[in-house]
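The values are calculated or read from the model by the stated rules, or taken from the named source; none is laboratory data. Since the structure is predicted, the reported quantities are computational estimates derived from the model, not experimental observations. So basically every Cβ, Gly included, is an ideal-geometry build from the backbone, and we count neighbours across all protein chains shown.
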């Protein structure tokens, strides 16, 4: 390894507040960073001094069980996570070479948390000026860190990053050059030149806080098939990805919480455990479909199994359950009048840090197409 330093809440928020246990059941908004003029990158040689850094091990410790694994399974879909708290300072940028993947590490310091917007782009452009940025390689992965402090505003005692504007590492299998753009209005953008579009995974490590981007040396794979299907006593059936878990119905109706990993949540908690959740609410469709206090980013009128529906992307204002800036993508389906009045179904995903929001939006869109209602 080599390193280079370099519901009713559903009605208001279109998210579900209740949770349940999840039992294992059987086997692309791409970010295109934009924002201050920047000069052409300065070439820098590869690192000659290896960095013995166990911090790039998941959990911050070296492994006794073999090679380091990527932080995730990898996908070509964009990945987004919001920053939280006071702005943090970028203190180090380094590259690593591992078996079957190359790693980019951004180390930050401060009391807050950095966020990110990462995805492939055909036109890497400088923030502010919009000028094209020269990035060697046949594919470009745009990486924008958010909630980043200007050097003059760095936390006391923290030395901000002041390394080379281009970084390379010997022995990389897919990563060519990491090119710095600029830090502008809390957004620090880099572009990674690759040999082709490859699956990548994004994760965080702690002590110190790091954002890790692993680019996998494998070809992109087709999306996981929706080979599992369940029926909910709430009056609908839906398909979900192979290998995902679904709740069994101990706390909320079965077949309403879905996640890539098995999950168990005690009753009476508002913790969000489902990457995708579904809930039937006794609320008029028009009221739920209204944007309320949230910032609505997109709205698409549609139908789901012959019923009136709308797909909405929103960003939380911070007035409800979720912090300001948290994105939600929801399908709201009009179920008409029930015994207790008007009803609607909300199926959504949310960009909390424990979830891969961009990938889950793609899953949500596919799951919505499979919805069927068992009640008239």
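Suppose we filter 314, 307, 343, 327 for residues that are surrounded by 19 or more Cβ atoms within 10 Å (Cβ to Cβ), outside the structural domain of residue 202 (by TED's automatic domain parsing) and within 23 Å of residue 255 (Cβ to Cβ); which single one remains? Spell out how you get there, then give the answer.
Working: 314 fails: within 23 Å of residue 255 (Cβ to Cβ); 307 fails: surrounded by 19 or more Cβ atoms within 10 Å (Cβ to Cβ); 327 fails: within 23 Å of residue 255 (Cβ to Cβ).
Going through 314, 307, 343, 327 in turn, just one is surrounded by 19 or more Cβ atoms within 10 Å (Cβ to Cβ), outside the structural domain of residue 202 (by TED's automatic domain parsing) and within 23 Å of residue 255 (Cβ to Cβ): 343.
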Regarding residue 277, is this residue in a strand (DSSP E or B), over 23 Å from residue 252 (Cα atoms), in the same structural domain as residue 249 (by TED's automatic domain parsing) and at pLDDT 90 or above? no
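Of all the residues that make up segment 122-153, how many are within 24 Å of the chain's Cα centre (by Cα), assigned to a loop (DSSP other than H, G, I, E, B) and surrounded by 21 or more Cβ atoms within 10 Å (Cβ to Cβ)? Steps first, answer last, please.
Our first condition is that a residue be within 24 Å of the chain's Cα centre (by Cα); within segment 122-153, this holds for 122-127, 139-149.
With assigned to a loop (DSSP other than H, G, I, E, B) added as a condition, the list becomes 122-124, 126-127, 147, 149.
Retained after the next criterion (residues that are surrounded by 21 or more Cβ atoms within 10 Å (Cβ to Cβ)): 124, 126-127, 147, 149.
Residues that pass the stated criteria total 5.
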Name the residues in segment 52-97 that are out of contact with any strand residue (DSSP E or B) (no Cβ under 7 Å at 6 or more places or on another chain), modelled with pLDDT of 70 or more and outside any strand (DSSP E or B), would you? 69, 77, 86
Taking the condition under 27 Å from residue 351 (Cα atoms) and either touching a strand residue (DSSP E or B) at 6+ places or on another chain (Cβ under 9 Å) or assigned to a loop (DSSP other than H, G, I, E, B) (or both), does residue 181 pass? yes
